[in-house]
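The values are calculated or read from the model by the stated rules, or taken from the named source; none is laboratory data. Nothing here was measured: the structure is a model prediction, and the numbers come from that model. Cβ sites come from the backbone with ideal geometry, for glycine too, and all protein chains shown count toward neighbours.
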Amino acid sequence: MAKYGAADKSTPKELRVGIVGTAADVQLTRAWLPKLNKMAIAREKSARRYPNWPGAPQALGVTFVVEDRFVRPLDEDRLALALHRSSAGEKFEELLELFDAKIQGLFGDARPDCIIVCLPDELADMRISNPRLSAGEREALERLQREEEQEQMSLFQPSPEELKAAEELRTQAEDLLFRTFYRALKAKVMTHQNPVPVQVLRRETIVRPDAEGHSHATRAWNFATSLFYKSGHEPWRPADLPANTCFIGISFHHLKRREGDVVYASVAQAFSNEIEPFALKGSLVPHDQRRDRQPYLTEAQAASLVTDVLDRYEGLASMLPARVVVHKSSTYQPEEEKGFRSAAEARVPACDLIWMRSTAFRLIRKGMQEPWRGTLCTIGNETYLFTMGYVSYWDEYPGPHIPAPLEIGSCGATDIRERAREILALTKMNWNSSEGLGRYPITISFARKVGLLMTELSDNQTPNPSYRFYM
């Protein structure tokens, strides 16, 4: 991008940014944001992994601008009053309404492309016990929390990176036991009519000295990339994915139910080069609808979810895909295979069902280098793909432990090497940072972000499908 610019060349020359926050934070942000339009020198040791920031006009082809009409400082008196509420629940709700009202005021005919929300540390870290839970629901979630902890440790002794990666696959019971301000605000914003995506900014990002942590250049790369995507444009696209293919990730999330029980909600995340990525909520799954400690879909539920994805794909692309590839973080049950295939093959010429999961398998290379990212290892009928590992262009391995591969497999015959190439390409599609490298493909990696925001919505609220609201 520093050399050729962003993949999306259709952007206007200026992207208009709105700002919501305290008067002090708004002032700091207005002074800092123009720095994104200028060059910055990276201070990190690895020049290839952490390149200089050439400025938004060179890297993205745009200039970020802030117009006075899109700046909304908070009412300081109301803010102080809300912060001094003795009840944590009342404080949470009043602050949520205060920020949301200012953000919603920018959703008119004249609107910014993206809104920066400046959160003080107290609010960025705020969480409260979820008051919406009944005693029965809380008891069920606490029981699930104990089950999840035992399940994680019973598989193998995972590294901290693997534990973090596993948590990203689905919302945990703890995510429902507590509400966080950051999550509640993003969920509330997406429920409004014709909303604008928001980008949260902590004061630390602005005021931290260049010599501490990531340099200003690296922070500029990451923040500008996210702003660019949330403004409606793609920084990069996969170059060699097959055309007109719809990749669908299936995941499950805990959601509460009024009867006092806890159920899973199925979610489909879809990605294609032809359309904007989207997420759709599927059927609710009873907690006891599990095999091998994993929830699964019935044939009717699986068929309905794929049908909904294909309907939306056709609405966005004005045509059906030539091929569907389903990704799942556990093996397929017979009901799921039948439902996915019947719904897909009734409308699409080809369908692949691929699963991937963490494994205790490790590979040690002779010499000083770790296994390379992209290594595919086959032992008998088992296949392992290293989505993390030594990166030759960087000349380093970006991790403290031995790289852990994903075990991948197929439900039905397929070319597993080509499916591995697709998975590897899709691990680069996280526009939350500029590194372009992840452990899981985008079809799976955004599962928890989607699930977390959906837990904030009521049963009669339809979540916004666009990825831009979940990042």
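A few points about this structure:
- Taken over segment 239-286, the criterion of being in a loop (DSSP other than H, G, I, E, B) and more than 15 Å from Leu141 (Cβ to Cβ) is satisfied by Ala239, Asp240, Leu241, Pro242, Ala243, Asn244, Ser272, Asn273, Glu274, Ile275, Glu276, Pro277.
- Taken over segment 72-82, the criterion of being surrounded by 14 or more Cβ atoms within 10 Å (Cβ to Cβ) and out of contact with any Asp or Glu (no Cβ under 6 Å at 6 or more places or on another chain) is satisfied by Arg72, Pro73, Leu74, Asp75, Arg78, Leu79.
- Just one of the listed residues (Gly399, Gly367, Gly374) is over 29 Å from Val267 (Cβ atoms) and in a loop (DSSP other than H, G, I, E, B), namely Gly367.
- Residues in segment 342-375 that are of a type in the set (Lys, Arg) and touching a helix residue (DSSP H, G or I) at 6+ places or on another chain (Cβ under 9 Å) were compared, and the one that is surrounded by the fewest Cβ atoms within 10 Å (Cβ to Cβ) is Arg347.
- Answer from Glu94, Glu137, Glu90, Glu76 - the residue that is at pLDDT below 90 and not hydrophobic (A, V, I, L, M, F, W, C): Glu137
- Every residue from segment 16-45 that is free of Cβ contacts under 8 Å to residues at least 12 places away in the same chain and under 21 Å from Leu123 (Cα atoms): Ala24, Gln27
- For segment 95-121, a tally of residues being assigned to a helix (DSSP H, G or I) and of a type in the set (A, V, I, L, M, F, W, C) returns 6.
- Helices (runs of 4 or more DSSP H) within segment 405-471 that include 3 or more residues surrounded by fewer than 20 Cβ atoms within 10 Å (Cβ to Cβ), out of contact with any Pro (no Cβ under 6 Å at 6 or more places or on another chain) and at pLDDT 95 or above: 416-426
- If you go through segment 263-304 and keep only what is over 11 Å from Ile250 (Cα atoms), in contact (Cβ under 8 Å) with a residue 60 or more places away in the chain and not basic (Lys, Arg), you end up with Phe271, Glu276, Pro277, Phe278, His287.
- Residues located in segment 46-73, provided they are outside any helix (DSSP H, G or I), aliphatic (A, V, I, L, M), touching a residue at least 12 places away in the same chain (Cβ under 8 Å) and within 25 Å of Asp210 (Cα to Cα): Leu60, Val62, Val65, Val66
- Lone qualifier among Pro57, Pro12 - being within 23 Å of Ala110 (Cβ to Cβ) and surrounded by fewer than 19 Cβ atoms within 10 Å (Cβ to Cβ): Pro12
- Any chance Trp221 is of a type in the set (Phe, Trp, Tyr), surrounded by fewer than 20 Cβ atoms within 10 Å (Cβ to Cβ) and not assigned by TED's automatic domain parsing to the domain that holds Glu299: no
- Verdict on Leu106 being surrounded by 15 or more Cβ atoms within 10 Å (Cβ to Cβ) and modelled with pLDDT of 95 or more: yes
- Hits in segment 36-50 - residues which are surrounded by fewer than 19 Cβ atoms within 10 Å (Cβ to Cβ) and either of a type outside the set (Lys, Arg) or over 30 Å from Val391 (Cα atoms) (or both): Asn37, Met39, Ile41, Glu44, Ser46, Ala47
- Every residue from segment 176-227 that is of a type in the set (D, E, K, R) and part of a loop (DSSP other than H, G, I, E, B): Arg208, Asp210, Glu212
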